[in-house]
Amino acid sequence: MRRVALKALLSAALPILLPSVAEGSPIRSHAYDERLFGTWRSDKERTLAHWQFKDGIDPKAKETIAGWFGRLTLTFSRSKVITFFEGSRFESRYRVLARTDNSATVEYVNEGRAEIETIYLAEGYMFKRVGTSKNFEYFSRVAA
């Protein structure tokens, strides 16, 4: 009984956690993805060029949101990602759960808590969804 319930739960959750499975994209599982390796800096200009603000947003609120970007740096190695934000450094283990030709679904483990996100990759930049919104933050690769 438990096995059947678990199987049903996973069948329902997998397309949500890994959308490319539901879309029929080829998935290859890896512990890491070399395309992520290196340092990435939040690209404020590119992010704001694609950002969809709510209609009628207060200009001060818009300015506050715009101020969030361009200050975050991520450095990926084979098993760790180091996050730098305004002088603070945070290190986390990660692994790639799945990947396609243009994305990698990553699981981060922070203090025993797992977080899953899909990172989309393009030539010289990557982007990922901001929270549960329809917006993405863009990152440009930093030359070594």
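What follows draws every value from the coordinates through simple rules; no lab data is involved. Note that the structure is predicted; figures quoted are calculated from it, not measured. Cβ coordinates were reconstructed from backbone atoms using ideal geometry, including for glycine residues, and neighbour counts include every protein chain displayed.
Here is a check on your reading of the model: is GLU45 of a type in the set (Asp, Glu), surrounded by 10 or more Cβ atoms within 10 Å (Cβ to Cβ), in a strand (DSSP E or B) and in contact with a strand residue (DSSP E or B) (Cβ under 9 Å, 6 or more places away or on another chain)? Judged against the criteria, GLU45 is not a match.
Pairs meeting the criteria (first residue in segment 71-94 and on the phi > 0 side of the Ramachandran plot, second residue exposed (fewer than 14 other Cβ atoms within 10 Å of the Cβ), beta carbons under 9 Å, at least 6 apart or on different chains) are GLU86/ARG71. Within segment 91-116, the set of residues being exposed (fewer than 14 other Cβ atoms within 10 Å of the Cβ) and within 20 Å of ASP43 (Cβ to Cβ) comprises just one member, ASN102.
Checking GLY112 against (1) under 13 Å from the mean Cα position of the chain (by Cα); (2) farther than 23 Å from ALA144 by Cβ, which test does it fail? It fails just one condition, (1).
Give segment 117-144 a look and list any residue that's under 23 Å from ARG93 (Cβ atoms) and of a type in the set (A, V, I, L, M, F, W, C), or say none. Of everything in segment 117-144, those that are under 23 Å from ARG93 (Cβ atoms) and of a type in the set (A, V, I, L, M, F, W, C) turn out to be ILE119, LEU121, MET126, PHE127, VAL130, PHE139, VAL142, ALA144.
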